[in-house]
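Below: the structure, in structure tokens.
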Amino acid sequence: MKAAVLRQPNTPLAIEEVDLAPPRTGEVKVRLAATGVCRSDHHVITGATKHPMPVVCGHEGAGWVAEVGPGVSRVKPGDPVVLSWAPFCGACFYCDSGLPAQCEAYIEPVWAGTMIDGSTRLSRAGQSLYHYSALASFAEATVVPESCCVPVRGDVPLDAAALVGCAVATGVGAAMYRAKVEPGSSVAVFGCGGVGINIVQGAALRGAETIIAIDKHSGRLELAGRLGATRLVDSGIDDPVQAVRGLTGGRGADYTFEAIGNPAVMTQAIDAARRGGTIVLVGLGPHGTTFELGAGTFTRSDKVLTSAYYGGCVPQRDMPALLDLYAEGRLKLDELIGRRRPLSEVNEAFADLAAGDVIRTVIVFDQERAGPV
């Protein structure tokens, strides 16, 4: 089968013929319908995120179950599934605490690029290829732990459903599940890319009265306005902190979200929150980066600072619910897809991301079957 392989940072992805071993106990083989191109993959390509190589990137996908290994009971061949990049054991402290993305059994293997037993299912000419974020979805098929497979309704297009696997769950979840935005409140979203635009949607679904979208790309701001933002701030022109204060009676927003992973913007999000407000850091910054926090000033402000890994969502519970909202017309997914490309154009898809003129480019493996099954 074909896959996009990254052999060293800052080089183009190469489309190669690779081998995929069959699923073992508790594993599932999924044939991909579509996969989104996310900035987290870009961080691996640039080396900002350290990861073993050679690696098959991709972590935002949907497809159909092709084969199941021994012991698999939740899915069967033919089932449409969205892939979650947070496999979980269901029995550790964090799984029992409602934080499956922090699963003690899987979090280390995921970042090591392997299955839970330390091996891989991908190879080329006998050389192991690592799996990014447990999924390696820049490939025609993949083998994943059963808990990565979220069965979904069969009447939604899988190219749109793929986005629920990362950007939508992370963004909507940050507003709905982590911050629990209150109706009638004010919200400021710093960065309206794939995750930030969905924080806007999540805040709107929660009934926020004022939703301030902040970005330097006019196209993203225009879409944010169509998806629920009530105020738009061009950060290339205006000081975003002063703009947020000016739009909230001088106080600052009740909730601020940073969706870029930029330490300087994290500080802006903290400064733009009102006294007693909540700041949610959602963007994944490069390894080793830090941001400053004025200890005395912050303590006196009574602000709450938190983070939202995977939006605080529980994939098996929340992803089907998000697709129900899409089917009801309350959550927009089709509008997020700016371009569709074949796997052979994966490097062009990353150029789309760098240009900032689309929210998501989706790699489609089978356009005819990527629609409702």
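The values are calculated or read from the model by the stated rules, or taken from the named source; none is laboratory data. These figures come from a predicted structure and were not determined experimentally. Note: ideal-geometry Cβ built from the backbone for every residue, glycine included; neighbour counts use all protein chains shown.
Can you find a residue in segment 89-102 that is at pLDDT 95 or above, in a loop (DSSP other than H, G, I, E, B) and either farther than 16 Å from V314 by Cα or in contact with a Leu (Cβ under 6 Å, 6 or more places away or on another chain) (or both)? Looking through segment 89-102, none of the residues is at pLDDT 95 or above, in a loop (DSSP other than H, G, I, E, B) and either farther than 16 Å from V314 by Cα or in contact with a Leu (Cβ under 6 Å, 6 or more places away or on another chain) (or both). Across segment 23-48, the number of residues qualifying as under 19 Å from the mean Cα position of the chain (by Cα), touching a residue at least 40 places away in the same chain (Cβ under 8 Å), surrounded by fewer than 21 Cβ atoms within 10 Å (Cβ to Cβ) and not in a helix (DSSP H, G or I) comes to 1. Within segment 297-339, the residues that satisfy the criterion of being outside the structural domain of A349 (by TED's automatic domain parsing), among the hydrophobic types (A, V, I, L, M, F, W, C) and more than 22 Å from A101 (Cβ to Cβ) are F298, A327. Entry remark, segment 241-266: residues being touching a helix residue (DSSP H, G or I) at 6+ places or on another chain (Cβ under 9 Å) and either within 14 Å of T306 (Cα to Cα) or surrounded by 20 or more Cβ atoms within 10 Å (Cβ to Cβ) (or both) number 14 in total. Pick from segment 285-329 the residues that are buried (at least 19 other Cβ atoms within 10 Å of the Cβ) and not in a helix (DSSP H, G or I): which of them is modelled with the lowest pLDDT? The residue in question is G285. The single condition from (1) under 30 Å from A327 (Cα atoms); (2) without any contact (Cβ under 8 Å) to a residue 12 or more places away in the chain; (3) hydroxyl-bearing (S, T, Y) that S128 fails is (1).
Checking the conditions here, which among V150, V75 is outside the structural domain of Y177 (by TED's automatic domain parsing), surrounded by fewer than 21 Cβ atoms within 10 Å (Cβ to Cβ) and touching a Pro at 6+ places or on another chain (Cβ under 6 Å)?
Working: V150 fails: surrounded by fewer than 21 Cβ atoms within 10 Å (Cβ to Cβ).
Only one candidate passes the filter, namely V75.
Taking the condition surrounded by 22 or more Cβ atoms within 10 Å (Cβ to Cβ), of a type in the set (G, A, S) and in the same structural domain as V30 (by TED's automatic domain parsing), does G126 pass? So G126 does not fit the description; no.
The criterion of at least 1 residues that are within 22 Å of R330 (Cα to Cα), of a type outside the set (D, E, K, R) and at pLDDT 95 or above is met by the following helices (runs of 4 or more DSSP H) wholly inside segment 193-278: 196-205, 218-226. When restricted to residues that are within 16 Å of A162 (Cα to Cα) and at pLDDT below 95, segment 341-357 contains 0. Here G36 does not qualify as within 29 Å of V314 (Cβ to Cβ) and out of contact with any Asp or Glu (no Cβ under 6 Å at 6 or more places or on another chain).
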